[in-house]
Amino acid sequence: MSSSLEGKVSEVIRLEVKDQGPRFNALVDELIATDATGQESITVQLQLILRRVLSEEVHPQVTKTVLVYLAKAARRLEEEIYFEFACYMLTYLKQQHQSSSSQYDDADFELRDGLFDYYINCGEYSDAAKILSGRSG
């Protein structure tokens, strides 16, 4: 699946900048809507999209909008899958893009908000407060 997904992502990157955002968003929707049973995990597939969207091949404005969309769309995943992916995305953004972190504030907020809800649903109130305050993640 990753080679097929990699091919689709590469096709999107070759499009004009104005067309990339909507196509990345459609690809994210397709992955989330598809049953990944017997295939690569949805988390691995979304991680591949995340890494490619953050590459220098994608215009920064496209990156910003797709990251926010990805953070919001991931909330449609099952709770445990969302938790795994949101933690990965939050950590990846922090590690890879510290110098331009303000560019990704909206995606960071969406992820922290979703993780806050996850922790509250699990009764982990201390972790919920930490993630919302930015001290964890």
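Just so you know, all these numbers are worked out from the coordinates, no wet-lab data involved. From a predicted model like this one, the values you see are computed outputs, not experimental measurements. Every residue, glycine as well, gets a Cβ built from its backbone with ideal geometry; the counts of neighbours run over all protein chains shown.
Observations on the structure shown:
- Computed from phi, the 3J(HN,Hα) profile of segment 44-57 under the Karplus parametrisation 6.51, -1.76, 1.60 (θ = phi - 60°) reads 4, 5, 5, 5, 4, 4, 4, 4, 6, 5, 8, 6, 5, 6 Hz, with x in place of Gly and Pro.
- By the beta-carbon count within 10 Å of each Cβ, the least crowded to most crowded order of I42, I81, fewest first, is I81, I42.
- Among F116, F85, the ranking by other beta carbons within 10 Å of each residue's beta carbon, starting with the fewest, stands as F116, F85.
- Candidate lysines - alpha carbon under 18 Å from K8, same-chain residues fewer than 8 apart omitted: K18
- Computed over the chain, the convex hull of the alpha-carbon atoms projects to a mean area of 7.9 nm².
- For segment 87-92, the Karplus equation 6.51 cos²θ - 1.76 cosθ + 1.60, evaluated at θ = phi - 60°, returns couplings of 5, 4, 4, 4, 5, 4 Hz by residue, with Gly and Pro reported as x.
- For K130, the lysines whose Cα falls under 30 Å of its own Cα, not counting residues fewer than eight places away in the same chain, are K64, K72, K94.
- Footprinting exposure proxy for L77, L67 (fewest neighbouring C-beta atoms within 10 Å first): L77, L67
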